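Notes follow once the structure below has been shown.
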Amino acid sequence: MASDGKHESTDERRGSNPPDFSDQEQELARNALTEFESARYDTCLGSLSKLEDLRPKDAKVAHNKAVAEFYKSGCEKTEDLLKTLNSVKKKMNHKSSDTEAETSDVEKAVLLYNKAVYCFYVKKYVEALANLERLSKIVESLDKNLAQNVCFLLVEVCLITYQTEKATAVLNSLEKLLYDPAKQSSENCNEDGTKKPESDIPKPDDQQKLRLHKYRARVHLLQKSIKACKKEIKTIMNVNNMDTEGLFIKSNFEYVRHNERKAVKILNSASKDNQVLKTGESVSAMYYNNLGCLHFQMQKFNLASFYFCRAIAENEKALALIASVDKSNPLNNRPLCTLSLNCRYHLLYNLGVQMLHDGRPLVAFDCLIESVQVYQSNPRLWLRLAECCIMAHQMVRDIALVAKG
């Protein structure tokens, strides 16, 4: 399930009692789901193992067992989960070729979503986007929770890849999914057509609403839609004026408006509590990076350099909290969310640009050239490296001219 901006693997839900399931198999499936949702993974795996004995060729059972084992490991055995997901995908594709009919994306929906989550955390955004866009075409056919998770993750990937128009379209679909009266009216009735009690009717909670407003604010920031962004931020602050992510968004808003001092004040009011292993993010590293950007915009280059260096140090501290990585098995023995923790190269790029503007091309070149291994397809990085070479050559030339007298 996805919450608080984080995206996690989910299991197949068998709440509709498929006709090809015996009563015993249906009971085992229901028990497994109940135990999984209660975080009793050992018991859940017991039920799934029995179900697997009864249905050895069922790819969905193998998928759910892999997800349960993944959660039992504390979401740390990502390599093992990935192998099973790939194996399950092959089984589904093989089955479709045998029957000369392509397995529908609805059947593979949870598998595609889980692959997208993995790709998101290892920063394979193109592959994540491909899986999520397939799911977005059938979102109305999906379980409501899965559909919401797909939409939230798709918006996040669109924002990371600067596809704001696509992000807006997905947000509109998500809003309809959360608040559409026609869809809710059908969910408000029992199978026999009678209306459910008020307490049983699912409603979007405050966190879902808040999350939706945060995403809209981020889209408006990228689009430089100041008035629309201000409205969203006001709503966010009315819900929770001490929300860390909300304060970072508000600070970014003031940064775009060139109200740097106000942006710094807002940043300083945000909590710096790091929960790296839980969230996969270092708030301290982001805080110092943002201070660096603000002081760079104010042309206070020495202070900007100081804050970028602090951000790099905080990033190293966060990485030190993760168990030493086995090079032969780099995806295991660390929480899934921490796979995207390292932002060293992003910070080095910022520091390099700042050094270049401060007239220190050699130091800037060293920072930027290290970023090439991650941002090799970024044309701006290569232009900055060229600027470093030109500036360094010009400085050597000027010194030579002065020496000649």
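The values are calculated or read from the model by the stated rules, or taken from the named source; none is laboratory data. Worth saying up front: this structure is predicted, and the values here are computed from it rather than measured. So basically every Cβ, Gly included, is an ideal-geometry build from the backbone, and we count neighbours across all protein chains shown.
General observations
- Some residue of region 383-401 being under 26 Å from the mean Cα position of the chain (by Cα), over 21 Å from PHE308 (Cβ atoms) and loosely packed, with under 12 Cβ neighbours inside 10 Å: no
- In region 104-154, residue modelled with the highest pLDDT [restricted to those that are small (Gly, Ala, Ser) and closer than 19 Å to LYS60 by Cα]: ALA116
- Filtered residue count, region 141-156, keeping only those that are under 16 Å from LEU171 (Cβ atoms), of a type outside the set (S, T, N, Q) and more than 12 Å from the chain's Cα centre (by Cα): 1
- Residue in region 394-404 that is small (Gly, Ala, Ser) and closer than 26 Å to ASN290 by Cα present: no
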